[in-house]
Amino acid sequence: MFIRFLISRVLTALAVVFGVVCLVFFLLHLVPGDPVEVMLGESARPADRAALQQALGLDLPLHVQFGHYLANLSQFDLGTSFYSKRPIRDLLLERLPATVELGMAALLVALLLAIPLGILAAVKKETAWDIGATGVALFGVSIPNFWMGPMLILVGALWLGWFPVSGREGIASLVLPALTLGTALAAILSRMIRSALLEVLNEDFMRTARGKGLAERTVILRHGLRNALLPVITLVGLQLGALLSGAVITETVFSWPGIGSLVVEAIHRRDYPVVQATVLCISVSYVALNVLTDLAYARIDPRVRLGSRP
Amino acid sequence: MFNRIPSIRPETPFTSIREIVKAVIILKRLCAFLLIVLVAACTGPASDAFRFGLAGAPANLDPRFATDATSARINRLLYDRLVDFNDTFEPVPALADWEQLSPTHYRFHLKTNEHPFHDGTMLTAHDVKATYDFILNADNASPHRASLTVINRIAVPNETSLDFFLHYPEPLFPGYLVIGIVPAHLIAANHPLHERPIGSGPFSFLARPDETRLHLLRIRDQRRFEFITVPDPTVRALKLMAGEIDMLQNDLPPELIGYLENDSRLKVLRTSGTNFSYLGFSFDDAVTRQAYVRRAIAHAINRREIIQYVLDGAARPAQSLLPPEHWAGAQDLDPITYDPEKARTLLHQAGYSRDDPVRIVYKTSSDPFRIRLATILQHQLKSVGIDVDLRSYDWGTFYGDIKAGRFQMYSLAWVGIHTPDIFDYVFHSRSIPPNGANRGRFRSTQADAFIDRARAAPNLETKQESYLQLQHHLADALPYVPLWYEDHIFIARREIEGFTMARDGNYDGLTHVRRSPPDAL
């Protein structure tokens, strides 16, 4: 049963990735702005424009270009950047570690903040603790990263001098972008943990656990939190996908050389192959994380395998 | 089997010392694991080098292909070129001086080999020929080919001389030879110069750890320079204040420049620039093709106030596409005065009134500063009875619309203008896109005649005369409303000395930059 479930999820994921590939390829060619114009400028003669179009393969009918793209993709050839002339595989390999590093650090920040806050808010429901935790969560969700980032820089880098302003040089440079990115996620997660925990706190099994004489900490962490984490896992999986797909604003603010800033630069330059490859990379990571989340969910809750998600 | 005795401890988590200790141990292990992972992932700290902040990374370090301004400025440090420009934008010898043997034949003499390539080989006339031959070969799709199509063929009589034969006489020709020279043997070997550039300039390439960092070595004293890309202007300014970069040039909003000027650790240098901001109009549109309307707009804009309060004084009013100090620039053009009453009168003469105001769609890019400027212009035009519908688009869409002529009014800037043949490209009726940048579809037989006369002129003096007449004609016809030339701003830590600013905003000043000893401050 589980194998069938696995196969069905993987096939669906492949279909989604193929859909994204098609969508990105055709939409990108519909967007105004021609890479040849961007590269040559208006001074180029029509003959030069035609020569460059030919050199880049942009003179071919769109379906032929798409065929070539798919053929290359099937051989894991992502192509070459129109602009920098560098293989896109190298560009991605250069940027991916930075994005993964930032994503994981942000997730860690989020979990370290969200779990205690969520538990505190649920256990101390409708007290000053709960209101305080709700306030912190509201603060985290409401503040946009483009404001939070510079504020953290001002305090952490300029006033205190503890961290570098931006860039990816040394471990200290990871702290501020991870805090910026992690805070918003922490806010969402803490609210989710609170509501999920509140749902299970008065369940029969919780009363049983308490009746067995277990310490309240054990009751909450081992019995309550474990059951409350099911919806949280889904959210973490989806958010991790978002984090690994590059946090465009945070990466821009902190000059973090990740996937997000690469795709923004490529869109501005109409560097089609880089945009296509980056979006493909993002969608693959998203879909893979979704599949992994589903599998984890299925492992935790056997009802999912039977197609009846709780 | 006994049931566990119910706890008599208070029902709150983490209350006993043992539990707290356990929690701390778990947390410590987690942090230790994280540290190991992160230390492994992160790169080392920055070195003691001159650090220059950039708004955008150079896109291509191969001068045969680079087109963006940042690449052009960095490539000037890496590669030498045959010809350069002086302060009045006249071509002057760089690697070579020249003589004109006939109207279509120039001979260039390379100066003594002071500049070997960074791989140790000597720069010869063969390298120059190989560079230009490569660009002229249509198969290579170099973006610079269009500007060099005047070249018929290139010959190398000896190692230090080369002859350029032209298709037609072009007195401006030496000014076209400003592309960095690359080694012939590397062209033949298809060496990836965009990744590992090798030129003969004052700086050599060291490394490019990632797209945001570029390391160069100043050959003269083996000083290391790091170019660090920081796209966000606020963060770039904060980085300068924190001492993480030593200097930067341009690309900061005026209010940020004013803020940095008040920081005693920093110094701000300014020089007049030549980047020309303007309002463009469609001549295919029934409203904006009316001379009265364009002139009314020109008189309704208070350029001095905008320069003083919005641009923080970092600009000067413009009267023409070429600045007055340019050898072909007009110095005697009447300034466009701010005269709202005159603007209202002109609109009235054009048949508009308060009840039937002029309505114009004004397109601009999505750059926040450009939108702010556009909003101010919208307000000023409103005060004379012109209703402006302001629309901002992302760069690709905006630029596409402008080239396609889908606009009534737009604002843009011309950057890096050196030679006056820009007039042909921008105002001649044959230069309507895709054949040029006459985006407004301006058709004037008089302007065409001046441009053609300038183009056919046998020497610079005659060319200059025609270009001056043309600029007077354009000041009357107003296909553009000239706004201002933005200044170049260089901001550095106080200990940075020796940087000289260029009118075109190049980074050549880095060749002489130095750090003063702490006790000298």
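Here are the numbers for this structure:
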read-out: Estimated dipole of the protein assembly as shown in Debye, rounded to 20 [Cβ of Lys and Arg +1, of Asp and Glu -1, Cα centre]; value: 3580 debye
read-out: Dimensionless Rg over Rh [the range B:371-521; C-alpha; Kirkwood]; value: 1.09
read-out: Positive dipole terminus of chain A, leading residue within A:177, A:70, A:127 (C-beta point charges); value: A:127
read-out: Charge-dipole axis of the protein assembly as shown as Lys and Arg at +1 and Asp and Glu at -1 on Cβ define it, positive-most pick from A:260, A:272, B:103; value: A:260
read-out: Percent antiparallel among DSSP beta bridges (both partners in the protein assembly as shown, rounded to 5); value: 75 percent
read-out: Approximate spin-label separation residue B:109-residue B:415, in nm, with each point projected 7 Å along Cα-to-Cβ; value: 3.9 nm
read-out: Surrounding net charge for residue B:449, when Lys and Arg each add one and Asp and Glu each subtract one, Cβ distance under 15 Å; value: 0
read-out: Candidates A:70, A:158, A:27: whichever shows maximal mean-square fluctuation once chain A is modelled as a Gaussian network with Cα springs under 10 Å; value: A:27
read-out: Distance in nm between pseudo-label sites at residue A:296 and residue B:382 (7 Å out along the Cβ direction from Cα); value: 5.2 nm
read-out: Amide H contacts of residue B:242 (H built 1.01 Å from N, under 5 Å, at least 5 apart or other chain); value: none
read-out: Sequence of B:346, A:160 from largest to smallest accessible area, 1.4 Å probe; value: A:160, B:346
read-out: Averaged over B:55-64, number of beta-carbon atoms from partner chains that fall within 10 Å; value: 3
read-out: Exposure of residue A:212 as accessible area (Å², to 10), given a probe of 1.4 Å and all protein chains; value: 110 Å²
read-out: Full-stretch length increase - residue B:102, residue B:167 - with 0.36 nm per residue and alpha-carbon distance subtracted; value: 22.2 nm
read-out: Positive-end residue, the range B:328-420 charge dipole about Cα centroid, Cβ charges, pick of B:348, B:369, B:418; value: B:369
read-out: Model label zone, residue B:325; criterion: amide N under 17 Å from point 7 Å along Cα-to-beta-carbon; scope the range B:480-494; value: B:484-490
read-out: Charge dipole (debye, nearest 20) of chain B; +1 at Cβ of Lys and Arg, -1 at Cβ of Asp and Glu; value: 1740 debye
read-out: 14 Å beta-carbon shell around residue B:205, net charge (K/R +1, D/E -1); value: +2
read-out: Difference of contour (0.36 nm per residue) and Cα-Cα distance, residue B:459 to residue B:140; value: 111.6 nm
read-out: Kirkwood hydrodynamic radius (C-alpha pairs) into Stokes-Einstein, the range B:46-100, 4 °C and 1.567 mPa s, D in µm²/s; value: 97 µm²/s
read-out: Residue range of chain A that is longest and free of GluC sites (Glu not before Pro) which are both DSSP loop and sparsely packed (at most 16 other C-beta within 10 Å); value: A:1-125
read-out: Exposure of residue B:129 as accessible area (Å², to 10), given a probe of 1.4 Å and all protein chains; value: 60 Å²
read-out: Helix-derived mean residue ellipticity, 222 nm - over chain B, DSSP H n ≥ 4, -39500 (n - 2.57), to 500; value: -9000 deg cm²/dmol
read-out: Vicinal HN-Hα couplings computed from phi for the range B:402-418 (Karplus, 6.51 cos²θ - 1.76 cosθ + 1.60; Hz; Gly/Pro x); value: 5, 5, 7, x, 8, 6, 9, 9, 8, 10, 8, 9, 9, 10, x, 7, 10
read-out: Table column - 3J(HN,Hα) (Hz), the range B:475-487, Karplus curve with 6.51, -1.76, 1.60, x for Gly and Pro; value: 5, 7, 6, 6, x, 10, 9, x, 9, 7, 9, 6, 6
read-out: Size of charge dipole - the range A:79-214 - debye, nearest 20, with Cβ of Lys, Arg +1 and Asp, Glu -1, no other charges; value: 120 debye
read-out: Equivalent-ellipsoid semi-axes of the range B:106-192, from the Cα gyration tensor, Å, largest first; value: 21, 17, 10
read-out: Part-to-part distance (alpha-carbon centres) for the range B:239-254 and the range A:233-275, which is given in Å; value: 25 Å
read-out: FRET E, pair residue B:342, residue B:473, Förster distance 22 Å, beta-carbon r, rounded to 0.05; value: 0.55
read-out: Shielding by other protein chains, B:135-148, mean Cβ within 10 Å; value: 5
read-out: Rounded FRET efficiency, nearest 0.05, which uses the C-beta distance separating residue B:196 from residue B:153 and R0 of 35 Å; value: 0.70
read-out: Contour excess over end-to-end distance, with Cα ends at residue B:350 and residue B:133 and 0.36 nm allotted per residue; value: 72.7 nm
read-out: Cα-projected label distance for residue B:494 with residue B:87, points at 7 Å along beta-carbon direction, nm; value: 2.9 nm
read-out: Net charge over other residues, Cβ less than 11 angstrom from the Cβ of residue A:54 (K, R count +1; D, E count -1); value: -2
read-out: Euclidean distance of C-alpha centroids, the range B:296-363 and the range A:103-149, integer Å; value: 53 Å
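The values are calculated or read from the model by the stated rules, or taken from the named source; none is laboratory data. Here the structure is a predicted model, which is why all the values come from computation and not from measurement. Here the Cβ is made from the backbone with ideal geometry for all residues, glycine too, and neighbour counts use every protein chain on show. Only protein heavy atoms, including side chains, enter the accessible area calculation; ligands, DNA and RNA are left aside. Shrake-Rupley method; radii C 1.70, N 1.55, O 1.52, S 1.80 Å.
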